[in-house]
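The values are calculated or read from the model by the stated rules, or taken from the named source; none is laboratory data. None of the values given here were measured: they were computed from a predicted structure. Please note: Cβ atoms are built from the backbone with ideal geometry, for glycine as well, and neighbour counts cover all protein chains shown. Protein only, heavy atoms only, side chains kept; ligands, DNA and RNA dropped before computing areas. Shrake-Rupley method; radii C 1.70, N 1.55, O 1.52, S 1.80 Å.
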Amino acid sequence: CINVNAPSEPIVIELNINITQEVIYRLAEDAGNTIDENADIF
Amino acid sequence: QRDPAYAAARSAGQVGEKMDGYLAVVGASNANLDRLVKQINIKRRAVYTQRASAEGATVEEYAFTSGCIAISRTVPGEKYQAPDGSWQTRTSSPPLRDGRCAGV
Amino acid sequence: MPASSDIDGDIATESVRPKKRKLLRRLAFLLLGFVIGAALLGWFTREDIARDLIGDELAKLDLPASYDVEQISADRQVLTNIVVGDPSDPDLTIEKVEVELVYGFGAPELGKIVLTKPRLYGTYSDGQMSFGSLDPVLFAESDAPPGLPDLDATVIDGRGLLDTDFGRIGWKVDGAGGLDDGFAGIAAVTAPEVQISGCSAGTATLYGQLSTADGALSLDGPVRLRELNCRDAGVRADTADASIDLTVDPTFAQVELAASLETGAFSVADALGDSIAGPVKLTASSETMTASFDLQAARLSVRQARIGSFAVDGTARLRDGYRSAEVEANLAAAAIDVGPAISGLLGGYSAPVAGTLLEPLLAKFDTAQRAQLRGASFTGLLNARNDQGGLSLVMPQGAVRNDRGGDVLSLSRIEYRQASGREARVSGNFRMGGGGLPAIAGRMEQHGSDSSIFRLKMQRYAAGENWIELPELLVEQSKGAVRFDGAILANGILPGGAARNLTVPLQGSWAYANGLSLWRSCTSVSFDSLSFASLDLASRGLTLCPPPGGAIVRQDAQGLRIAAGTSSLVLNGKLADTDIAMSSGPVGIAYPGIAKAKAVEVVLGPAAEANRFAVTDLTANFRDTISGSFTDADIQLFAVPLDISETAGEWAYADDVLTISDAAFTITDRNEFARFEPLSVQGGSLTLFDNMINADATLRHPASQREISRVDIRHDLGSAVGFANINVDRLQFDEGLQPDQLTDLALGVVANVSGAVAGKGRIDWNPEDVSSFGRFFSDALDFAAVFGPVKGARGEVEFTDLLSLTTAPNQQIFIASINPGIEARDGIIGFSLNDGQFLGVTGGSWPFMGGTLKLRPTQLNLAAAEERRYILEVDALDAALFVEDLELGNLSATGIFDGSLQIVFDELGFGKIESGVLQSRAPGGTVSYVGELTYEDLSPIANYAFKTLRSLDYETMQIGMEGALTGDIVTRVRFDGVKQGKGTEQNFITRQIADLPIRLNVNIRAPFYKLLGTYQSIYDPSTQRDPRDLGLVGPDGNPIAAPQEPAPADPSNPNIPSSPDIIDQTNAVRPSEPSIQTSDSEIMP
């Protein structure tokens, strides 16, 4: 069997969850409507 | 129905649409222009914040998306910010926009 | 019988050429007629000729007569019942006639004739005397000189009736004697109704001794007239008696009358008198008449003037048939008392001159004239002439003297000429003075045929310091119009002021047709000083101009009208005992009517702290109070740093109170950087009384007319101390009204404000300084600020200095929600503001995920565009609540965390967590994924990570956070003392690993929202949009080639708020693919 002995140092597992999402497509329509409804400030 | 001072500033190219969805003074600024831009941005910020939380997006992304659309809607003679950060004057041809704005 | 022929001749020669008849002349002829009649009869009764002789004579004279002969003897003949003329209407009847004949050398002559009860009837109409059938005898043509026949006759009870145009006159004569010489008898004439040329007498009787002497007939005795009334001459007398002595000269050519007249109460025009008496002598002939009279009228009174006695003595001459008359008379009046009359006249003027310098002068004149003219006397010489040329009255000399004989008024060469057909002309000189009366001298000279010049001069007439002087007044009269030119000098009191050495030129004209008009051209009045109504004119003169073509003063049928204009007016003095200086452009005054002034500048109050009023149009009307309206006025109250412009309203000034009412105006901040936009006011009011200004007004936003606040101001002009109360009942902000529309201060600071603010403010000022305070609160105010929207702000802010926007320390405001990117609810912020610029945040706390979020105090400078650092301390954050609050249904976590977040807001208001650490408290907690796992094909390490995440116990957990609040926040989570939590798939490996001191760092690059979004998208496909709609995927599901785009964004571009560059993380995982998310449900470009 594999014997894994605990290293003195903690095993660092870097786990980057970079949630960037192409939301632009998702928001485009809503942003378009928002600009229409607030034409005075766009 | 834009406020006359704001409409004049836009057509005179004193202000321009930034990519991040906010307005900025182009070139020399003055107190009135500053206050005008701030006033507009405050109102945009409020709208972005309200829509972003409704759409579960960051204010920045909602703002960025709006920026894409706002730049696409500039009329010739108005100023907008190109992806390289420089101010461009809109001509009849489509504006130079950030890659992510494609299709929007 | 020659005698008869010469009698006949006598009578025949008695031919009176019908000439213009006069009263006296007629009377004489009457008597003549009677006497002749008597003589004739004597002739008839000659005895010795039979009836036929008399009948022949009668027949020859063609006299229809009948008579009875009683006795005819040589020397005496008696006839009775003689009737001449128509028996039914006899002209003459005589009861008995006795004639004695006297035989001299020749033919017998008539001796004595005695007539008993002769009755003679005649008529006299329009100039013709007629005795019916006797006329041919009486009026036969004859060339002998007229005169009385030489007969000795006796008349016993002779009577006659004369029917004349003037009424019926009855007369009765008794007497005897030679007709032409020595006749003596009594005559009585009565006329019940006499009507002579406009005069009528009730009854007129004449009773006198009739006598003749060598041909001259004379009659003297009393004449009595009752109710004498000459209507057109306006003369009435109750009784008029005259004892007359009338003699007619033998040839009847001349009548002499001497009478002494005595009338009873009489009236001439509206002068009444008790009596007129005195001798009158006149001699008249058909051509001329001369008369002399010395009449004395007693106790005359004309209206209130009374004259004790008025004597007229002089002569009158009428010539060429009475066509021209000349009278010369001395007039003398004594015991004149015209005082009351003049006082009455002066009384009329006492009201208009009340309070002016004229009042004491009028009083002095009144007392002087009463003294001087009581019992005064007047003497004067009058020459009157009336002929074809017209009427002229000349008084060469005349004088009124007081009861001590001193001259009061002397007249000389007073002439009144009324040429026939032309206007009357008056000339003459008079001099008045003495005894307190004004010394006035006047001279009038004739100029050309019909114009005369009258010069008047009055020396200074003074009563104390009030005096008036008329150096020269020229009165020119020509063609019926009177023009005068001169100047009046005056000095003395005026209502509420005084005039010093005032000189007023006097030009004007008077004409019967259009009345009086004064100052037809511009007139400049000069004075050393002129003040009225406690305002004095600063200039030394004033030029007043009449309206074009008009006159400044007009008095005619329509009444008095005054209209004057001046190009500018400068006044200063006291108004409601406040210093006032007023200068104006053109001013127009019209009475009745209103006064208008243009461009009026008013400076009210002491010069150093003057309140300025600039009014473009001011109108005022003068009734009992002065009031009017004003438009387009700008007001600057010295002490109140506000300017009032475009003011219009009504004003009134009465008993020392100036009231402005119904005023509409615009208020602007006088500060060079205006702290507020102009506000408009309607219905404002202001009163100025006793040096104190009280004003109140409702300020409104001009465009929306929404009430902003009510302000009442009180200011003491004297001490320059005052205060203003500002009441904001309910200031509603919404789309209709935003703060930046009220003040620039709010522009770029707050927007989208909605909610109501209320409160009270007070500003106090005195010469040294201005202090103000106020308290404003709102129960729910939403607004968007530079750092993001704020909702439900509630609380009260106390300002210790309202004007400079400085608050009391530590003001508390509750904020329902503030969202600088991450919403924080139900927070309380403490702050204080100085000079509207330095914001001291004294702290803020928010309940947060079971714990609290505390903001440490910090100082901000709102004016500067600077980065603002905040430190937020997290205290006892409960992970479970955190997860629940984020509605992460499929995730659960436990553990209590503390920590702090350093947040920096850049000048654009974007907030960024610079560094933030949350540390779990012992004993740690668990984090586990409770949702179903829907995707299988995870990479082994992903699978391990997922399974680890599935459930994880930790001893300590540290969350590091960095990143833009509005953008991605990188969260580094570090677990220590990690063990697999319950429900994880435990197998050999995991158990082995479980014991390993594994530190798990999970970096989540996503804001809480995104975290939220991501999970939701796992469960709720609807939150995903169909790529096809986005035009990314063709209907058949194949991707469409995206249009060529320039180079993708440069990540280091500062403007794009991409992930903070602190962590230069090379993404182990393709950025666009959510590591948790299996990618088959999404096709990425």
If r is the Cβ-Cβ distance from C:Gln919 to C:Leu862 and R0 is 35 Å, what FRET efficiency results, to the nearest 0.05?
-> 0.55
Exposure of C:Cys522 as accessible area (Å², to 10), given a probe of 1.4 Å and all protein chains = 80
Between the alpha-carbon centers of segment C:247-294 and segment C:567-619, tell me the distance in whole angstrom.
-> 73
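Below 8 Å, C-alpha to C-alpha, sequence gap of six or more: please give me the relative contact order for segment C:191-293 in percent. Could the numbers behind the result be given before it?
Values: 262 pairs, mean separation 18.7, N = 103.
Worked out over segment C:191-293, it gives 18 percent.
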Could you work out, residue by residue across C:787-794, how many beta carbons of other chains sit within 10 Å of that residue's beta carbon, and then give the average as an integer?
-> 2
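To the nearest 0.05, what FRET efficiency results for C:Thr116 and C:Tyr322 with a Förster distance of 45 Å applied to their C-beta separation?
Values: r = 41 Å, r/R0 = 0.90.
The value I calculate is 0.65.
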Read phi for every residue in segment C:123-133 and hand back ³J(HN,Hα) as whole Hz from Karplus 6.51 cos²θ - 1.76 cosθ + 1.60, θ = phi - 60°, with x for Gly and Pro.
-> 9, 9, 9, 5, x, 10, 8, 9, 10, x, 5
Would you compute the Debye intensity of segment C:586-735 from its alpha-carbon atoms alone, equal scatterers and no solvent, and pass along log10 I(q)/I(0) at q = 0.09, 0.12, 0.16 Å⁻¹ to two decimals?
-> -0.30, -0.53, -0.92
Sparse-neighbourhood loop sites, trypsin sites (Lys or Arg not before Pro) in segment C:586-683 - DSSP loop, at most 13 other Cβ within 10 angstrom = C:Arg623, C:Arg670
Here, C:Thr251 and B:Ala12, labelled 7 Å along Cα→Cβ, have an inter-label distance in nm of 12.5
Considering the zone a paramagnetic label at C:Arg231 would reach in this model (a point 7 Å from Cα along the Cα-to-Cβ line), which residues of segment C:179-216 have amide N under 20 Å from it?
-> C:192-204
Karplus-derived 3J(HN,Hα), 6.51/-1.76/1.60, for each residue of segment C:738-747, Hz, glycine and proline x = 10, x, 5, 7, 9, 8, 5, 4, 7, 5
Expected integer from the mean partner chain Cβ neighbour count at 10 Å over B:62-75 is 5
Principal axes first, then extents: for the Cα atoms of segment C:637-698, list largest minus smallest coordinate on each axis, whole Å, largest first.
-> 41, 22, 16
Kindly compute the accessible surface that chains C and B hide from a 1.4 Å probe when together, both sides summed, and give it to the nearest 100 Å².
-> 2600
Which percent of Cα pairs goes in each bin when the distances of segment C:296-387 are cut into 10 angstrom slices starting at zero?
-> 16, 30, 24, 18, 9, 2, 0
Interchain or sequence-distant (5+) residues whose placed amide H lies within less than 5 Å of the amide H of C:Ala808 are C:Glu798, C:Phe799, C:Thr800
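Test of the criteria: in segment C:482-527, which trypsin sites (Lys or Arg not before Pro) are in a DSSP loop and have at most 14 other Cβ atoms within 10 angstrom of their Cβ? All intermediate terms of the calculation are to be shown ahead of the outcome.
Details: sites: C:Arg483, C:Arg500, C:Arg520; in loops: C:Arg520.
Here no loop site has a sparse enough neighbourhood.
Residues of B:30-42, mean number of Cβ from any other protein chain within 10 Å of their own Cβ, rounded to a whole number? Write out the running numbers ahead of the final one.
Working: counts 0, 4, 3, 0, 3, 7, 2, 2, 9, 12, 5, 7, 15.
Taking the mean over all residues of the peptide, I get 5.
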Cross-link list C:Lys22/C:Lys112; B:Lys38/C:Lys912; B:Lys18/B:Lys38; B:Lys38/B:Lys79; C:Lys364/C:Lys574: which exceed 22 angstrom alpha carbon to alpha carbon?
-> C:Lys22/C:Lys112; C:Lys364/C:Lys574
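Quick one: order C:Thr631, C:Thr806 from most to least accessible surface, probe 1.4 Å.
Details: C:Thr631 60, C:Thr806 20 Å².
Final ranking, largest accessible area leading: C:Thr631, C:Thr806.
Tell me, in nm to one decimal, what length is gained between C:Ile453 and C:Asn671 on full extension, where the rule is 0.36 nm per residue of separation less the Cα-Cα distance?
Values: separation 218, 0.36 × 218 = 78.48 nm, distance 6.92 nm.
Full-extension gain reported as 71.6 nm.
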Inter-site label distance for C:Thr239 and C:Phe622 at 7 Å from Cα along Cβ, in nm = 6.0
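What do the square roots of 5 times the Cα gyration tensor eigenvalues come to for segment C:202-317, in whole Å, largest first, as semi-axes of the equivalent ellipsoid?
Details: eigenvalues 174, 46, 30 Å².
Square roots of five times the eigenvalues give 30, 15, 12 Å.
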In segment B:27-72, what chymotrypsin sites (Phe, Trp or Tyr not before Pro) fall in a loop by DSSP, with at most 12 other Cβ atoms inside 10 Å?
-> none
Note, segment C:368-382: 3J(HN,Hα) by Karplus (6.51, -1.76, 1.60, θ = phi - 60°), whole Hz, Gly/Pro = x, goes 5, 5, 4, 5, 5, 9, 7, x, 6, 10, 9, 10, x, 10, 10
Rough spin-label spacing in nm, given labels placed 7 Å along Cα→Cβ, for C:Asp875 and C:Gln732 | 4.1
Per-residue SASA entry for C:Ser900, accessible area with 1.4 Å probe, Å² rounded to 10 | 40
To the nearest 100 Å², how much accessible surface do chains C and A cover up together, summed over both, with a 1.4 Å probe?
-> 2700
